[in-house]
Structure formats: C-alpha cells, structure tokens
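Here's the structure we're looking at; comments come further down.
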Amino acid sequence: MVPAEAYVPEPGTEVILNVTVKFKHAQPCPYSDWEIVTENPENVEVINETETELLDPYTAFRQYAVRVLDNGTLDVVFKYGSGCPYGTEERVTIGFYIGQPPEDINLTVTNPEELFNITTMNITGIVEEINLVDRYFVVDGKAIWVRGRWTGPNGVEYTWKDMLLLLHVGERVEVLASYETGELKADVIIINGQRFVRR
C-alpha cells in the first residue's frame, strides 16, 4: 500500500492510494474470484477507483482516489479466492490525518517485505524549474520527481517525459506527491484543471 499513512493540509483534500498485490503463483488463478476492496471508511470517502489490472502474471494493481474529511482510517483488503489454500484475506488499515506529519516520522523502510511508511503531500504553486535530465520539477521550493507511466484526461497515456514537457515554468499547478525512498514523487498532477494520474 502506498501510502500507508497520509497527512493532508485541510479537510476535503484528495489522496491517491496505490494498491499492489504480489501473488505466490502466476495468474490465471485456479481460485479466480479473488478481489481487492475497501472497507470500514472512517472520516474518508472513496470517490474514484480503477479496475484491478494485472501488471504481470504475479502482480495485481488497483488505484483509489480518497477524499479526507477529517482524521480517519480506511481498510484496503485483498480477499483470496474461494478455496485458496494460502489464506482468506490480507488487510491494511491506512491512517489519514489533517495537518503536518511529525518531524520525527520514520520515512525509511528497512525491510522491503514490510509495509511502506510513506506520507503524502498536496503542493499547489508556481513551477519554478523543470529538469528533464534528472526527471524532476520544482514547485514552492520542493523538488518533485516524475516516474513511470501516466494516464490523463480521456484515458490518454503519457510517459514521465511527456508529463515534464506538459509543464511550464511560471505556470500554476497542483500536485499530490508521496515520499518514497527519500524522494518526493508525483502521484497526481493537475494542469489547467486537467488531471494526470501516475499508473
């Protein structure tokens, strides 16, 4: 789950949840009614979600857009297929908080098998710099890296380079970004009211 914990500046802010499930065996699964769902929303609401997608035979991915109404939680659950010998479900509870993260929050991951402890930030401001070589741009003094593939309006796909070329110094943008391995990485970029989401 990315993020496992999110801090937002004010109620009503949206957070993107990226859910990745690693299977013990290749798909297609003989217990094929497995699913990824959300349950028990407390002070949050799921406002959008993608279909579950197989990235490769061992990896499923789903994305949720969540509006944070106040401090609260949401469960993301992987339900094993009927009769599966590996278990019945796996559940992660994500915490959502209004305000800034504590200064002593641990943003490092020592064991890759453990859940990531990642915070999410909403940054709105003027683009100050664009760096195509190192794949980042700067808003409000914060360097934000752009990685991977993106989906824009009407389902159009973009690369990280396409996204950086859409940005212009002096233009106002809104960015939802997550701290991953010490870097602030963009999850959602809103340019002139158009929303682009990292896959």
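For the stretch 53-104, restrict the atom set to alpha-carbon positions and state the Rg and Dmax in Å.
Expressed in Å, the Cα Rg and Dmax of the stretch 53-104 come to 15.5, 45.
Based solely on its DSSP helices, what 222 nm [θ] is calculated for the chain when runs of n ≥ 4 H residues each add -39,500 (n - 2.57) and the sum is averaged over all residues, nearest 500 deg cm²/dmol?
-1000 deg cm²/dmol
Which whole-number percent gives the relative contact order of the stretch 5-98, counting Cα pairs below 8 Å spaced six or more residues apart?
38
Cut-off under 16 Å on the C-alpha distance; same-chain residues fewer than 8 positions from LYS79 excluded. Which lysines are left, in chain and number order?
By straight Cα distance, LYS79 reaches LYS22, LYS24.
Measure off, as a whole percent, the carbon and sulfur share of the 1.4 Å-probe accessible area of the stretch 1-86, all protein chains present.
46
Can you list the residues, at least 5 places off or on another chain, whose amide H is less than 5 Å from the amide H of GLY81, using H built in the peptide plane?
When sequence neighbours closer than 5 places are left aside, the close amide H contacts are TRP34.
Quick check: residue separation of HIS168 and SER82 times 0.36 nm, minus the Cα distance between them. What number comes out in nm?
25.9 nm
Once a ≥ b ≥ c are taken as the square roots of the eigenvalues of the Cα gyration tensor of the stretch 119-198, is the result rounded (a/c under 1.5), prolate (a/b larger than b/c) or oblate (a/b not larger than b/c)?
Here the stretch 119-198 falls in the rounded category.
Tell me, what are the semi-axes, in whole angstrom and largest first, of the equivalent ellipsoid of the chain as set by the roots of 5 times the Cα gyration tensor eigenvalues?
30, 20, 16
Would you please give the FRET efficiency between ALA143 and THR52, computed as 1/(1 + (r/R0)^6) with r the Cβ-Cβ distance and R0 = 25 Å, to the nearest 0.05?
For R0 = 25 Å, the calculated efficiency reads 0.15.
Under 5 Å between amide hydrogens, which residues at least 5 positions from GLU171 or on another chain qualify, with H placed 1.01 Å from N in the peptide plane?
The answer is VAL127.
Roughly how compact is the stretch 5-98, stated as its Cα Rg over 2.2 N^0.38 Å to two decimals?
So the stretch 5-98 has a normalised radius of gyration of 1.18.
The values are calculated or read from the model by the stated rules, or taken from the named source; none is laboratory data. Everything numeric here is computed off the predicted structure, so don't read it as measured data. Note that we place each Cβ from the backbone using ideal geometry, even for glycine, and neighbour counts take in every protein chain shown. Keep in mind that these areas ignore ligands, DNA and RNA; they rest on the heavy atoms of the full protein, side chains included. Shrake-Rupley method; radii C 1.70, N 1.55, O 1.52, S 1.80 Å.
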